[in-house]
Amino acid sequence: MELKQNYLADSHRYDSSETFYRRCGKSGVMLPKISLGFWHNFGGVDPYERSRAITHYAFDHGITHFDLANNYGPPYGSAEETMGRLMDDSFKPYRDELFISSKAGYDMWEGPYGNWGSRKYLFASIEQSLKRMHLDYVDLFYSHRYDPNTPLEETLQALVDIVKQGKALYIGISRWPLEALKFADKYLKERDVPLLIFQDKLNLLNRGPQESGTLDYCHDNGIGFIGFSPLAQGLLTDRYINGIPEDSRMAQGKFLKSDMLTPELIAQLRAWNVEASAQGKTLAEKALSWILEQQGVTSVIVGASSVPQLEKNLKAAE
Ligand SMILES: NC(=O)c1ccc[n+]([C@@H]2O[C@H](COP(=O)([O-])OP(=O)(O)OC[C@H]3O[C@@H](n4cnc5c(N)ncnc54)[C@H](OP(=O)(O)O)[C@@H]3O)[C@@H](O)[C@H]2O)c1
């Protein structure tokens, strides 16, 4: 894999910008249809050169949005450290062309203040994230999950104050139930820090945001929507059609379990694969295009363990 030592971004990276960027809700922000996620493949256990090559390829092709969270790794925090190294090695000159997000909400450090949605946790976490990523601010900071035991006002006011302190430019929330999203939307609009975006799982196998009305709510109320795990962690590609490759996420057995791969699912994946081939597409392209066609979707966050995977996935945006 070619590694550019002194990275100079491709001068053609915005050639398709008229069709590649979408407005995020009713905000001033444009996001690429395909964004890059750092949940897997960017941790301390992963080869830095590969992570770097994937981000170079992404940025060279107009992917300006990198999605992180405090606990991405493993170990926790290490994906943000990789981002910090990437800033030093490659992206400092391009900081104003990048839209970098992080989140807090899941377990991050020991004790009662390293998890969920308290002001204490969110304030400490954003500070740590900025240090690890070598950034002065993130473009977008999320509450990573709904906390049923902390008043929503406490979590939301912490997010507002983080913006007012200049540590984040915009606020997002992820995986909140619809009623809580409605509360957040009203609360944040009243404080003049409107909710930029909602992040949730959406793919051909998981249509929850459509079924719950969340996607429609975002669309009708000027909130962007970004879908995560658009390929169902790799299921919606040709990766598992003929077994479980040794180097796959499923072979690691942590987040994608082999018992999900039932005969019914394999039959469905094969049928979709045939349909995709008949249209001259890969299954991954079909899966990504389907999401991007849904009303209200701003962007999809893909993961990739290699440059060729990202290259294939970008075709869906054409
Ligand atoms: N808000 C949340 O709670 C939340 C939760 C989950 C994810 N996210 C965000 O969403 C991002 C994406 O999630 P994800 O990694 O699950 O996304 P995904 O795009 O559904 O899955 C990515 C994985 O699929 C495989 N893959 C990708 N392209 C392929 C291709 N063209 N051909 C064959 N295999 C391909 C690779 O797996 P192999 O490793 O097997 O090659 C890759 O690591 C995360 O990084 C994170 O930023 C957010």
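Rule-based calculations on the coordinates, nothing more; no lab input. A quick note: this is a predicted structure, and the numbers were derived from the prediction, not measured. Cβ: placed from backbone, ideal geometry, glycine included. Neighbour counts: every protein chain shown.
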Requested in this report: Scan segment 35-42 and give yes if some residue there is touching a residue at least 60 places away in the same chain (Cβ under 8 Å) and within 18 Å of Leu169 (Cβ to Cβ), otherwise no.
Outcome: yes
Query raised in the report: Quick check, is Trp272 in contact with a Leu (Cβ under 6 Å, 6 or more places away or on another chain), more than 25 Å from Ala58 (Cα to Cα) and not acidic (Asp, Glu)?
Result: yes
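Could you run through segment 224-235 and say how many residues are farther than 16 Å from Leu292 by Cα and either more than 15 Å from the ligand (Cβ to nearest atom) or outside any loop (DSSP other than H, G, I, E, B) (or both)?
2
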Query raised in the report: Using beta carbons and a limit of 6 Å, which pairs, at least six apart or on different chains, have the first residue in segment 290-317 and within 12 Å of Thr237 (Cβ to Cβ) and touching a residue at least 24 places away in the same chain (Cβ under 8 Å) and the second one near the ligand (Cβ under 8 Å from one of its atoms) and of a type in the set (Ser, Thr, Tyr)?
Result: Lys312/Thr282
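So, Ser16, is that one over 17 Å from Tyr94 (Cβ atoms) and more than 16 Å from the ligand (Cβ to nearest atom) or not?
When the stated conditions are applied, Ser16 passes them.
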Query raised in the report: Scanning segment 47-72 for residues that are free of Cβ contacts under 8 Å to residues at least 60 places away in the same chain and part of a helix (DSSP H, G or I), which turns out surrounded by the most Cβ atoms within 10 Å (Cβ to Cβ)?
Result: Thr55
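If a residue must be assigned to a loop (DSSP other than H, G, I, E, B) and over 27 Å from Ala9 (Cβ atoms), how many such residues does segment 78-121 contain? Please lay out each step first, then the result.
Initially, segment 78-121 is screened for residues assigned to a loop (DSSP other than H, G, I, E, B), giving 98, 105-118.
Checking the rest, the ones that are also over 27 Å from Ala9 (Cβ atoms) come to 105-118.
Selection size over segment 78-121: 14.
Among what's in segment 236-250 and is within 8 Å of the ligand (Cβ to nearest atom) and surrounded by 11 or more Cβ atoms within 10 Å (Cβ to Cβ), pick the residue that is farthest from Asp185 (Cα to Cα).
Of segment 236-250, the ones within 8 Å of the ligand (Cβ to nearest atom) are 236-239, 245, 247-250.
Still in the list and also surrounded by 11 or more Cβ atoms within 10 Å (Cβ to Cβ): 236-239, 245, 248-250.
Values: Leu236: 32, Thr237: 35, Asp238: 39, Arg239: 39, Pro245: 43, Ser248: 39, Arg249: 35, Met250: 37 Å.
Residue satisfying both the conditions and the ranking: Pro245.
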